[in-house]
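Notes follow the structure.
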Amino acid sequence: MSDALRAPRIGPRLLRAIAAVFTLSLVAYILIPVLVTLAMSFSGAAQLRFPIRSWSLGWYAEFAASPQWTGALINSLIIATGTAVMSSVAGVAAAYAYTRYTLRFSTLLYVLLMLPLFMPGIVLGLGVALTFSRFSIGGYSLLGSHLLVMIAHSLWAMPLVFLLMEAVFRMIDRRVIEAAQDLGCPPLRTFFEIEVPMISTGLISSLLFAFVISLNEFVMVLFLTDRDTQTLPVLMWLGLRSAATPQIAVASVVISLSVFACLSLIMVWYVRQLRKITR
Amino acid sequence: MPQTALDLDHICRNYGPVVAVDDVSLTVAKGEFVTLLGPSGAGKTSTLRLIGGFESIDSGAIGLNGGRVDHLPPYLRDTATIFQSGALFPHKTVAENVAFGLRMRRIAKADIAVRVAEALAVVRLQGLEDRYPDQLSGGQKQRVALARSMAVRPAILLFDEPLSALDLSLRLQLRSEIKRLHDEIGFSAIYVTHDQGEAMAMSDRVAVMRSGKIEQTDCPETVFNAAANEFIHTFVGETCCLTFRIEGGRGVDPATGTLDLHLAQPLPDGAYRLYLRPSQPSLGQAAQAMPNRVIARLGFVAFLGEKYRHHLMAGPCEIVGDQPGALTAESGADALIGWDSSAMRIFQ
């Protein structure tokens, strides 16, 4: 046997044990907050308090019966849907232009497009609020409207859509697009009939990502919404400052479940696409 | 009815300082199969993309069936390209792929069905109508691409190295199939390739390109046997080269100063390059009777199946000669190479 080969000081079995403990701790670290909130939502007590003494579905019923909470949920969904559409249209168009044409100052443009993603929410929210506080459309003040929150959330969601779709557009075989035009298909029709199906996975992922971003966002909605348009995170925060009932935990579960649903959809589409590629 | 399918009239295209297509003129008659042959970077594909309308020309004119098209976008030009990658629509079935161009031409549904079936029959893909491209092999994909382009019956078919991504046996098979289709249907075509075997086997005429220019346009036999210049002679078909000087009527190897060369036709003093194709020289005893001879040293012999390939060194130059049988001489022994005057090309 060669002299260079020596038994390692830490045995492979010990190494594996350390790895297992580490992995388990990490999983626990990620899951415990979610699981604790989930457990709390089933509490029978009148207050958010940890050792749970009794179990009940009562707070779910309360949540569903409260127009304030369901209203906030509906506001959240409206704003998230609007953000998803708005940021996807803008992000897809930007990514298309960025990958398809030779643009001047393209690096600068890229930085500019990415910039809002790295801006603190409070700065963006404040800027949007100050800019639009005096605007009104048809008598309705823009401040406090769903539309303004969608615009603000799109500032965060659009760069993500752009990032994702830029990669998607780069992966498309340009020859396929050329083949369609070569066979007599005008550019706009080529985009909708040939390109859109090719980018559908990316498109759906973009929509869902933007939806999730908007659903989770708290800082901007805090001062861009009013009593009629406030979203679930805002109402939860208000609730925490006053009654702190397990309804807040119910709201957390509702948001988390929506996010999980979106992420699973993305995963399903992604896996389907992977299978197509590797077949 | 015009007899010319395609007319390129002094077309040029620059990319910045790079001249991709330099004053190219070429006409393709109705039903003619013309190949653009050349090394990579010669401007073949650029020329094809100018015809298809994917790039625009800087100057010149492009005529299609007698009408000028160089101002038209690709979707208004009556051309159909078969791309190297196939470029099938991944989310459409084989039948939908083939029907696409016909739909764009607003042909009645019933007629589309007939023509799709026809096109798929022609490329022998019946039964695969409902498959998606990712369920097809490389060869099948190219057949679909071919059917898709042929179905629209364009003024000219543009082949952009359609076989270069396939393995050898498939390449040979599809090569003869395209040839068969051309003979049966008589479409007009420009075929871009860097494979001179493909060009020879399929074409009515071959246009050899280098550095954006067409250097010779002729039938394959003429290009092979009477190349217009040294580049074409060496690019088309295998050659080996003997470099020598003539000094005082004697052949001299510029490196060693000696070369036992006998030429039937004496040459004036100067530097020359003499080209022979591997099938042409006679070796050993048989070379004695030839009018041109050189003494070389036998390197090694390789068995190629139906023949033996002899590698010989005449000075620093390697001459390759194919014979049905192997020379019996030892490696390193002197061997005589002889050839007919018609077999060689000499360039100064």
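The values are calculated or read from the model by the stated rules, or taken from the named source; none is laboratory data. Quick caveat: nothing in here was measured; it's all calculated off a predicted structure. Cβ: placed from backbone, ideal geometry, glycine included. Neighbour counts: every protein chain shown. To get the accessible areas, we keep the full protein, side chains included, count just its heavy atoms, and leave off ligands, DNA and RNA. Shrake-Rupley method; radii C 1.70, N 1.55, O 1.52, S 1.80 Å.
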Item to check | Between the range A:101-123 and the range B:60-122, the Cα center-to-center distance that results, in Å | outcome: 40 Å
Checklist entry - What share of the DSSP beta bridges in the protein assembly as shown is antiparallel, in percent to the nearest 5? => result 75 percent
Next on the checklist: Probe radius 1.4 Å, ligands and nucleic acids left out: can you give me the accessible area buried at the B-A interface, summed over both chains, in Å² to the nearest hundred?
Outcome noted: 2000 Å²
Checklist outcome for this item: Taking a ≥ b ≥ c as the square roots of the Cα gyration tensor eigenvalues, with a/c under 1.5 meaning rounded and otherwise prolate when a/b beats b/c or oblate if not, the range A:1-156 comes out oblate
Checklist outcome for this item: To the nearest 0.05, the calculated FRET efficiency linking B:Ala29 and B:Thr328 through their beta-carbon distance, R0 being 60 Å, is 0.65
Checklist entry - Given +1 on the Cβ of Lys and Arg, -1 on the Cβ of Asp and Glu, and no further charges, what dipole in debye does the protein assembly as shown carry about its Cα centre, rounded to the nearest 20? => result 2320 debye
Next on the checklist: Using only the Cα atoms of chain B, what are the Rg and Dmax in Å?
Outcome noted: 24.8, 80
Checklist entry - Taking the alpha-carbon centroid of each part, what is the distance from the range A:212-258 to the range B:222-271 in angstrom? => result 88 Å
Checklist entry - Mean Kyte-Doolittle of at least 0.0 and a Cα length of 18 Å or more along the axis: which whole DSSP H helices of chain A meet both? => result A:12-41, A:67-100, A:106-118, A:146-171, A:200-216, A:247-278
Next on the checklist: Just to be sure I understand: with springs between alpha-carbon atoms less than 10 Å apart, which residue in A:Leu208, A:Leu235, A:Leu14 has the highest mean-square fluctuation in the Gaussian network model of chain A?
Outcome noted: A:Leu14
Checklist outcome for this item: Calculated from DSSP helices alone, with each H run of at least 4 adding -39500 (n - 2.57) and the total divided by the residues of the protein assembly as shown, [θ]222 nm to the nearest 500 comes to -15000 deg cm²/dmol
Checklist outcome for this item: Links exceeding 26 Å between C-alpha atoms in this model, out of B:Lys30/B:Lys213; B:Lys109/B:Lys179; B:Lys30/B:Lys92; B:Lys44/B:Lys179; B:Lys30/B:Lys179, come to B:Lys109/B:Lys179; B:Lys30/B:Lys92
Item to check | Per residue, in Å², the accessible surface of the protein assembly as shown once ligands and nucleic acids are set aside, probe 1.4 Å | outcome: 51 Å²
Next on the checklist: How large is the direction-averaged shadow of the alpha-carbon convex hull of the protein assembly as shown, in nm²?
Outcome noted: 48.4 nm²
Checklist entry - Just going by the charge dipole of the protein assembly as shown, with Lys and Arg at +1 and Asp and Glu at -1 on Cβ, which of A:Leu38, B:Leu26, A:Ser66 is farthest out on the positive end? => result A:Ser66
Checklist outcome for this item: Connecting every pair of Cα atoms under 10 Å apart in chain A and solving the GNM, the largest mean-square fluctuation among A:Ala28, A:Ala243, A:Ala97 falls on A:Ala28
Checklist outcome for this item: In degrees, nearest 10, the alpha-carbon axis of helix B:94-104 is tilted away from the dominant principal axis of the alpha carbons of chain B by 70 degrees
Checklist entry - If you add up the charges near B:Ala99, with Lys and Arg at +1 and Asp and Glu at -1, over every other residue whose beta carbon is less than 11 angstrom from its beta carbon, what do you get? => result +3
Next on the checklist: Using Stokes-Einstein with the Kirkwood hydrodynamic radius over Cα pairs, what translational diffusion coefficient do you get for the range B:44-136 at 25 °C and a viscosity of 0.890 mPa s, in µm²/s rounded to a whole number?
Outcome noted: 162 µm²/s
Checklist entry - Which value, in Å² rounded to 10, gives the accessible area of B:Val320 with a 1.4 Å probe and all protein chains present? => result 20 Å²
Item to check | chain B, relative contact order [Cα under 8 Å, separation at least 6], % | outcome: 16 percent
Item to check | Accessible surface ranking that places the most exposed of A:Val34, A:Val85 first, with a 1.4 angstrom probe | outcome: A:Val85, A:Val34
Checklist entry - Going by alpha carbons, how many degrees (0 to 90, nearest 10) lie between the helix axis of B:168-185 and the longest principal axis of chain B? => result 60 degrees
Item to check | Protein accessible area in the range B:193-348, 1.4 Å probe - carbon and sulfur % | outcome: 50 percent
Checklist outcome for this item: Put A:Trp237, A:Trp156, B:Trp339 in order of accessible area, largest first, probe 1.4 Å, and you get A:Trp237, A:Trp156, B:Trp339
Checklist entry - For the range B:212-348, what does the alpha-carbon gyration tensor say about shape, rounded, prolate or oblate, given a ≥ b ≥ c as the root eigenvalues, a/c under 1.5 as rounded, and a/b over b/c as prolate? => result oblate
Checklist outcome for this item: Under the rule rounded for a/c under 1.5, else prolate if a/b exceeds b/c, else oblate, using alpha carbon gyration tensor axes a ≥ b ≥ c, chain A is classed as oblate
Checklist entry - Percent of alpha carbon pairs in the range A:106-237 separated by more than 17 Å? => result 67 percent
Checklist outcome for this item: Computed about the Cα centre, the charge dipole of the range B:240-347 from +1 Lys/Arg and -1 Asp/Glu charges at the Cβ has a magnitude in debye, to the nearest 20, of 200 debye
Item to check | Inter-label distance for A:Leu263 and B:Glu318, nm, one decimal - labels placed 7 Å from Cα along Cα-to-Cβ | outcome: 6.1 nm
Checklist entry - In chain B, what percentage of the DSSP-assigned beta bridges are antiparallel, given to the nearest 5? => result 75 percent
